Amino acid sequence: MEDSYKTIKGPARTEIKIQRSKFIASAFPCQSQEEAEAEIEKISSEFHDANHNCYAYRIYPFRGLDIFRYSDAGEPSGKAGRPIHDSIVSAELFNTGIVVTRYFGGIKLGTGGLKRAYRDAARNVLESARIIEVLLTQKYRVKFPLNLTNVILRTLSAEGIKIVDSNYTDEAEIIFVVRLSIMDQLEEALISATNARIELTRI
């Protein structure tokens, strides 16, 4: 099971000039379509006097569906938004958006040149951004009799599990976080080690 993805740490911006046209690429992290659209609107407003504000974003799959959108924003179809999107995909990034702003310099680039310009602008800004890996996790609550405390702690420790919170009264409770790829394995280990004398809940 995939339980991590790559994204950019924070906003980045670069600029290139091609045949007197200026291409300003603004990359940003985003957690949802709504967040991406809001950032695109913000950047487009910042460069409201530009000839074009083309964009693309890609959000981590929800229920197996890859979520993405791109726009040519008035440029020839398929020559701006798609190359930006392809640059994000080539970098294997999710939860990432890019707006490439163009100030026309008076010289037409042709469809091939235009496509390369938007692709290069997007690649350039991604190369300047800091790439990070995000782990996908599930939080659990386990309740158990106090005499099982050592067994529970040993089992969690053996799997390198991070404990978020704990409470030891008449009945003990531990909250911990698990990578998605080992959820089933850990559940089986806890149930086996305690002879199912626990209450295990995903929260």
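The table for this structure:
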read-out	value
All Cα pairs of the chain, percent lying beyond 22 Å	57
Amide H contacts of Ala172 (H built 1.01 Å from N, under 5 Å, at least 5 apart or other chain)	Phe144, Leu146
Label point 7 Å beyond Cα of Arg141 along Cβ direction - residues of the stretch 171-185 with amide nitrogen under 17 Å	171-178
Spin-label model distance (nm) - Ser192 vs Leu153, 7 Å beyond Cα toward Cβ	2.3
Nearest-ten-degree value, helix 81-90 long axis tilted from longest Cα axis of the chain	40
Approximate spin-label separation Phe104-Arg69, in nm, with each point projected 7 Å along Cα-to-Cβ	2.6
Length released on extending from Glu37 to Val177, taking residue separation times 0.36 nm less the Cα-Cα span	47.3 nm
Point-to-point label distance, Ser4-Asp184, nm (Cα→Cβ direction, 7 Å offset)	2.1
Principal-axis tilt of helix 183-193 within the chain, Cα atoms, nearest 10 degrees	10
Förster radius 35 Å - calculated FRET efficiency between Glu133 and Ser77 (Cβ-Cβ, nearest 0.05)	0.50
Once exposed loop trypsin sites (Lys or Arg not before Pro) are cut out (DSSP; at most 16 other Cβ, 10 Å), longest piece of the chain	131-196
Selection of chymotrypsin sites (Phe, Trp or Tyr not before Pro), the stretch 102-203, meeting DSSP coil and at most 14 other Cβ within 10 Å	Phe104
Nearest-ten-degree value, helix 33-46 long axis tilted from longest Cα axis of the chain	30
Charge dipole (debye, nearest 20) of the stretch 62-203; +1 at Cβ of Lys and Arg, -1 at Cβ of Asp and Glu	800
Helix-derived mean residue ellipticity, 222 nm - over the chain, DSSP H n ≥ 4, -39500 (n - 2.57), to 500	-10000 deg cm²/dmol
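Every number here is computed from the coordinates shown, using simple stated rules; none is lab data. Not measured: the values here are computed from a predicted model. For neighbour counting, all protein chains shown are included, and Cβ atoms are generated from backbone atoms with ideal geometry for every residue, glycine included.
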